[in-house]
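Novice: One structure, as structure tokens, below. Some questions next.
Throughout, read-outs are computed from the coordinates displayed, never taken from laboratory work. Source: prediction; values computed, not measured. Cβ placement follows ideal geometry from the backbone for every residue including glycine, while neighbour counts extend to all protein chains displayed.
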Amino acid sequence: MSDNPRLQPPGDSGLLGWLRHYRLAWLSGDLTAGLVVSVMIIPQSMAYAMLAGLPVQIGLYASLLPLLAYALFGSSMSLSVGPVAVTGLMTATLLAPLASIGSGAYLQMAIWLALLSGVMLFAVGLLRLGFLANFLSHPVISGFISGAAILIAISQLPHLLGVPALPSGPQQLLDSWTLANSLVLGIGLVSLAWLMYARSMLARHLRGLGLPPVAATLLARLAPIVLVIAALLVTVSGDLAARGVPVVGFLPAGLPAFFWATPEFSDIRALLLPAALISLVTFVESVAIAQSLARRKRQSIDADRELLALGAANLGAGLTGGFAVAGGFSRSVVNIEAGANTPLAGVIAMTIIGLILLTIAPLFAHLPLVILAVVILVAVTPLIDVASLRRAWRYDRAEGLTLFSTAAGVLLLGIEGGIALGICLSIAAQLWRGSRPHIAVVGRVPGTQDFRNTKRHLVEIEPHLLALRIDENIFFANTKAIEHALYRALRDYPDTREVLLILSAVNHIDSTGLDMLSELTEGLAERDIHLHLAEVKGPVMDHLGETDWINEQVGEVFPSTHIAFNTLGNQKRAVAEPEQA
């Protein structure tokens, strides 16, 4: 991939804009990336299908048409879509109450969950409502993903131990332990050690052997496919399946057929909320990844086009018998490191996966399930974002609490409960901050036209003029706080005859706030104190212009605090000594 920005493909030039501007120089990078990513996707897709409670081939089916659909509509040049751990977990968690895992009804619901999610994402994209994703704050997203990653890791422990379900205690585990369990655990621990070594040290060791950094990194990221090949050889040669090691089992060859089977209306209605949740998480996570990748290549993305692309990808997954898909971080990073220049790399990856399904797919029937569990464990462990929790807690306790509570909510209340709890806490935190507005008595910095907080700076004040700057919107949650702050200031400055409210930081005044201001102005008038305004923003003034308060009760509205001081103040000034902030 060229580092010259003039040779970079366009990131936001309309539908299939990358194809209209395609250059032959980009083809080699796209071919390499398509090959590398297709090899990487195979074990991941199978593992995430197992996580979703579906046959492993469903993960491969979900890695075909979604790649083409995203290439048609997407604005990111590097994002790779397909099955991911979070959508796999959400599929299993949200469908478990509705159908038995492994049943035909469960598979049908998983397919329709992808279809409904695709319809919702596409419709929201057509309506250009991508801004709705902003209602999920970073602490909520980080907390949700961390909680989901812990749930995913716990769910794979039975596969790692070779038991049907987690035992209730050590004694039950010892009583049920067999040679097969020992084989499974041994394979799992060796595989886990290999993937952890590949993630942390293999690239460095390969560079030490003389490999170029990019090649060393790519080879290290292909460690899962090396593990899959080695596991297949060991399983077949050692006949481990006959010795009790659980394997994938039957895996049909061939491409999926286009699927269409209409479920009962009651089933569709039951899937609406799960589809909305998966759509929300899919969009937020995918756009965050796409934006991160776009910054690397000095490109941009279009959030509404991403909605269309993700909607089309999920529709494609559902129509070919797959489950819900999203942008994947690990394979997107591999995609960009392998040299991907455009979404053609995804189309090439789709083609290679299709060829594998047509030819050697049945060989994966001998793959031990513990290998897929290890792939999942290594993939989701970095998603447990302790660093963000620590950083948020140090910077803002409310955000830290939101992140931790969302993660705990996912663990204790489930997917829906965790997301709902996080959103409620985010809203509550904003209301709490808004209910405690910063209100400063200000004065003039000597010799300037600047005005600063009297508690933080040495400033000049007018003896009969009290100027207060309100650094928050005025709305129902903080009206009492603003009123109390003004009366406290009046007690500190008993000679006040003019009150100036500086509204430079106020973007909105709701009806409750307006009523408070009107009553406040009446109370001041009874004390022979006049109220004035300064630096009122245009949109706020547009709303206030037709009110009785601004027309009948307010004295004057000044364009600047400096003009207000010159107009309302007298020539005698006192110097206010700064107090400790």
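Novice: At a 10 angstrom cut-off on C-beta neighbours, averaged per residue, how do the peptides 334-340, 451-457, 221-227 rank from highest to lowest?
Specialist: Result, highest mean first: 334-340, 221-227, 451-457.
Novice: Report for the chain the percent antiparallel among DSSP-assigned beta bridges with both residues inside it, nearest 5.
Specialist: About 50 percent, rounded to the nearest 5.
Novice: Match the structure shown to one of the listed values (1) 146; (2) 218; (3) 198 of volume of the Cα convex hull per residue in Å³, computed from it, and give that label.
Specialist: Computing volume of the Cα convex hull per residue in Å³ and matching it to (1) 146; (2) 218; (3) 198 gives (2).
Novice: While we're on this one: Using the per-residue mean of other Cβ atoms lying within 10 Å as a proxy for protection, in what order, highest first, do the peptides 179-191, 373-385, 426-438 fall?
Specialist: Those peptides, ordered most packed to least, come out 373-385, 179-191, 426-438.
Novice: Here's something else I'd like to know. Taking the highest mean first, how do the peptides 364-371, 41-48, 391-398, 322-329 order by number of other beta carbon atoms within 10 angstrom per residue?
Specialist: Answer by packing, highest mean first, reads 322-329, 41-48, 364-371, 391-398.
Novice: Moving to a separate point now. Per the helix-only calculation at 222 nm, which mean residue ellipticity applies to the chain, given -39500 (n - 2.57) for every DSSP H run of n ≥ 4 and division by its residues, nearest 500 deg cm²/dmol?
Specialist: Rounded to the nearest 500, the figure is -18500 deg cm²/dmol.
Novice: Taking amide hydrogens as modeled 1.01 Å from N in the peptide plane, which residues meet the under 5 Å criterion relative to residue 322, leaving out close sequence neighbours?
Specialist: none
Novice: With no solvent and one point per C-alpha, what does the Debye sum give as log10 I(q)/I(0) for the stretch 309-423 at q = 0.14, 0.18, 0.21 Å⁻¹?
Specialist: Debye output, listed in q order: -0.94, -1.21, -1.29.
Novice: ³J(HN,Hα) across the stretch 147-158 via Karplus (A = 6.51, B = -1.76, C = 1.60, θ = phi - 60°), whole Hz, x for Gly/Pro?
Specialist: Running phi through 6.51 cos²θ - 1.76 cosθ + 1.60 with θ = phi - 60° gives x, 5, 5, 5, 4, 4, 4, 5, 5, 8, 4, x Hz.
Novice: From the phi of every residue in the stretch 385-402, what ³J(HN,Hα) in whole Hz does the Karplus formula 6.51 cos²θ - 1.76 cosθ + 1.60 yield, where θ is phi - 60° and glycine or proline is x?
Specialist: 8, 5, 4, 5, 4, 5, 5, 5, 5, 5, 7, 8, 4, 5, 5, x, 5, 4
Novice: How would the stretch 242-308 be classified by its alpha-carbon gyration tensor: rounded, prolate or oblate, with rounded meaning a/c under 1.5 and the a/b versus b/c comparison settling the rest?
Specialist: Oblate, because a/c is 1.5 or more while a/b does not exceed b/c.
Novice: Now for a separate question. Quick one: plug the Kirkwood hydrodynamic radius of the stretch 439-576 (C-alpha pairs) into Stokes-Einstein at 4 °C, 1.567 mPa s, and report D in µm²/s.
Specialist: Here the translational diffusion coefficient equals 86 µm²/s.
Novice: Could you work out how far the C-alpha centroid of the stretch 196-222 sits from that of the stretch 415-489, in angstrom?
Specialist: The distance from the Cα centre of the stretch 196-222 to that of the stretch 415-489 comes to 53 Å.
Novice: Quick one: order 483, 462 by neighbouring beta-carbon count within 10 Å, fewest to most.
Specialist: Ordered by Cβ neighbours within 10 Å, fewest first: 483, 462.
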